[in-house]
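Quick one: the structure is below, and I'll ask about it shortly.
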Amino acid sequence: MQSVDFGYEHIVSRAREGAVEHEYSAAAMKQWQLALLNAGAALGRDYECHSAHYRLGSQKRTMLVFVDYKDYQGYAYKGITSAYWVPGYRECPLSIAL
């Protein structure tokens, strides 16, 4: 059984807990797709981070999308391990603890 702390379930679970940086609205999912169109930063053999910058008025933020390409299936979001907003225009981390 897959953990609910992984992928889409993780994003929904965090949002329901009140984590405003985790968003799964249609608009947020569109940002996930836009991020996936941008070149990713490799974080491991099959693991990458993609980012998309977003501006609403004077507010700048970045959607970070983490993908495990062993499970990636395109638009169905399978393989996305997490996606969340960070303030300002930022790029993906060059490495993370896996």
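The values are calculated or read from the model by the stated rules, or taken from the named source; none is laboratory data. Since the structure is predicted, the reported quantities are computational estimates derived from the model, not experimental observations. For neighbour counting, all protein chains shown are included, and Cβ atoms are generated from backbone atoms with ideal geometry for every residue, glycine included. Note: accessible area is taken over every heavy atom of the protein model, side chains too, but ligands, DNA and RNA are not part of it. Shrake-Rupley method; radii C 1.70, N 1.55, O 1.52, S 1.80 Å.
Considering amide H positions built from the backbone, and no H for Pro or chain starts, which residues 5 or more places from TYR69, or on another chain, come under 5 Å of its amide H?
It is TYR47, GLU48, by chain and number.
First measure r as the distance between the Cβ atoms of LEU56 and VAL20, then evaluate 1/(1 + (r/R0)^6) with R0 = 22 Å and state the FRET efficiency to the nearest 0.05.
Computed FRET efficiency for LEU56 and VAL20: 0.95.
Taking the highest mean first, how do the peptides 41-49, 15-23, 27-35 order by number of other beta carbon atoms within 10 angstrom per residue?
Descending mean neighbour count gives 27-35, 41-49, 15-23.
What are the extents of the Cα atoms of region 9-57 along their three principal axes, in Å, largest first?
Per principal axis, max minus min of the Cα coordinates gives 32, 28, 15 Å.
How much accessible surface area, in Å² rounded to 10, belongs to the heavy atoms of TYR84 with a 1.4 Å probe?
Rounded to the nearest 10, the figure is 60 Å².
Quick one: Karplus J couplings for region 7-17, per residue in order, coefficients 6.51, -1.76, 1.60, θ = phi - 60°, nearest Hz, x for Gly and Pro?
Once θ is set to phi - 60°, the couplings for region 7-17 become x, 4, 4, 4, 4, 4, 4, 5, 4, 5, 7 Hz.
How large is ³J(HN,Hα) for each residue in region 34-43, as worked out from phi by the Karplus curve 6.51 cos²θ - 1.76 cosθ + 1.60 (θ = phi - 60°), to whole Hz, x for Gly and Pro?
5, 4, 5, 6, 8, 4, x, 9, 5, 10
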